[in-house]
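Working notes, structure below.
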Amino acid sequence: MTSLFVLTAIMAVAVFWLLRQTVHVKPWVEDGPHKVVPPQASFSVPPVKVGLGVFLAVATSLFALMISAYFVRMMVGDWNSLVFPSVLWLNTGLLILSDVAMRSARRAARGADTERVRNALMAAGVCSFAFLVGQVWAWQQLNASGYFATADGAGAVAASPANAFFYLFTALHGLHLLGGLWVWGRTTAKVWGGVELARVRLSVELCTLYWHYLLLVWLVLFALLTPAVSELCRGRLF
């Protein structure tokens, strides 16, 4: 189980690093002529950011449990490697682009550039939705090839635990992304609706942090689902 411990440690360090990147950011401090600091500005971290940190810790625990079950099930003799859908490479690129766009939106928000924030948020949303569509496409590719999540009738031969974990991992990650897109939608609507940028700056910061996390989680899952890495891990576990 050494690989599992190492993976969990890497994810924990990564989450800590992501939180640390924004721990000293004070979105309420204006760079323009109006520099009004509310009473709560004495705190280094807004409560909503602490809440996001707690949520990410819980989400990390959930993904760690899923990955732990993946490693345990991998040690059973009937394990067969996943037939890797090639569209996952494209999907990974789309998620990276969405993260880059979200990062650009954060930089633009700090620079009070409303137009750039609008464009970057739209680009991030489009790439994220395209990623989800690509994930559904990957599901369809597996089903069309006869690889199902569970053994059922004629599909019993094609079903395998690896397929089931693929559907589980991608569905769980997709649900987290959908939750992030709900917040993204509200933030984008406010920006395009003419709301003062200072009022949505913190939301952009939190969305960017969350997208960094989702990208990190997906890269870990993507690596685990790759047949070469899966076989390597299985060989070392045995």
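Observations on the model:
- Electrostatic bookkeeping for PRO161 treats Lys and Arg as +1 and Asp and Glu as -1; over the other residues with beta carbon under 11 Å from its beta carbon, the sum is 0.
- Karplus 3J(HN,Hα) series, Hz, for the stretch 68-85 with 6.51 cos²θ - 1.76 cosθ + 1.60 (x for Gly, Pro): 4, 5, 4, 5, 5, 5, 4, 7, 6, x, 8, 6, 10, 5, 5, 7, 6, x
- Nonlocal amide H pairs with TRP79, under 5 Å, H built at 1.01 Å: none
- C-alpha center-to-center spacing [the stretch 63-80, the stretch 175-201] in angstrom: 37
- Element breakdown for the stretch 157-223 at a 1.4 angstrom probe: carbon and sulfur atoms account for 70% of the accessible area.
- Karplus (6.51, -1.76, 1.60) ³J(HN,Hα), θ = phi - 60°, over the stretch 55-60, in Hz, Gly and Pro reported as x: 4, 5, 5, 5, 4, 4
The values are calculated or read from the model by the stated rules, or taken from the named source; none is laboratory data. For clarity, every value in this text was computed on a predicted model and none was experimentally measured. Here the Cβ is made from the backbone with ideal geometry for all residues, glycine too, and neighbour counts use every protein chain on show. Just the protein is used for accessible areas: all its heavy atoms, side chains included, with ligands, DNA and RNA removed. Shrake-Rupley method; radii C 1.70, N 1.55, O 1.52, S 1.80 Å.
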